[in-house]
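Okay, structure first, notes after.
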Amino acid sequence: MSSARRSALLGMRDAIPIFIPAIPFGIVIGITIAETDVPNLAGFLTGSLIFGGAAQLAVITLLAAGATGAAALAAALVVNLRHVMYSAALVPRFRTQPRWFRWLGPYVLIDQVFAMTSLRREDDDLAWRWYYLGAGLFFWTVWQATMAVGLLAGPAIPDGVQLEFAVPAMFIGLLVPGLTRRPAVVAAVVGAVTAAVLWEMPNRGGMLVGSLLGAVAGYVAEGRRT
């Protein structure tokens, strides 16, 4: 087995337990599509056009409420602003990769892929690239399948079943592996508490504010260590 294939399969394997908390979130997306006035096919295709659950949910709910396309796009950009921080953190890794990967790789840079690949500091360029692609392809494929399940079977779920816990559960699962240093713990706690307090902000703004305050808190904590 080639090194590239081995790394890709390892990325897929490692992605399985991290995706489990996102399964209810994907079902929520599917249910939301089915219950709004947004055409089912158009809503489903947002999973490919906007490969990011929180931004996708914001766009669907805003369009269903009668918002303009520009407003929905602006909301998606705000919700996904944390990806700018992800991109900045991975610049050293992307800088030494082939051009085709620098163009295509960012498409699957979601929270889970960042959490997984940012911890693999010892991989060489080839191993890291195919691990990243393996994880990203896995998440993209199963995300589409999970949305489809929610879209087709979601309406049959009893109204009393609450799936809103899916989003915080997913992010808790992402945080735990990286909490090995005090600044990371500080950033996680500040970000999580802020996002929880501001969870009702429009367009998932609490997640953005929590991300920004968490990053600032982690930076301050890092500075006090030096």
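A few notes on this one:
- When peptides 18-26, 85-93 are ranked by their average number of other Cβ atoms within 10 Å per residue, the highest-first order is 18-26, 85-93.
- Per-pair calculated FRET efficiency, R0 = 30 Å: Thr96 and Ala70 via Cβ, rounded to 0.05: 0.20
- Packing order of peptides 39-45, 9-15, highest average first: 9-15, 39-45 (average count of other Cβ atoms within 10 Å over each peptide's residues).
- Working ranking of peptides 57-70, 110-123, 132-145 by packing, defined as the average number of other Cβ atoms within 10 Å per residue, highest first, is 132-145, 110-123, 57-70.
- The Ala88 and Thr141 beta-carbon pair, evaluated with R₀ = 25 Å, returns a calculated FRET efficiency of approximately 0.35.
- Paramagnetic label zone (point 7 Å from Cα along Cα-to-C-beta, Val197; backbone N under 18 Å) in the range 65-84: none
- Phi-derived couplings, Karplus 6.51 cos²θ - 1.76 cosθ + 1.60 at θ = phi - 60°, listed residue by residue for the range 35-51: 9, 9, 7, 5, x, 4, 5, 4, x, 5, 5, 5, x, 8, 6, 10, 7 Hz, with x used for Gly and Pro.
- What the Cβ-Cβ distance of Thr36 and Val189 gives, at R0 = 25 Å and to the nearest 0.05, is a FRET efficiency of 0.10.
- Global geometry of the range 1-141, whether rounded, prolate or oblate, following the gyration tensor of its Cα atoms and the 1.5 cut on a/c: prolate
Bear in mind these aren't lab numbers, they're just calculated from the coordinates by the rules spelled out. Bear in mind that the values here come from a model prediction, so they are computed numbers and not experimental data. Note that we place each Cβ from the backbone using ideal geometry, even for glycine, and neighbour counts take in every protein chain shown.
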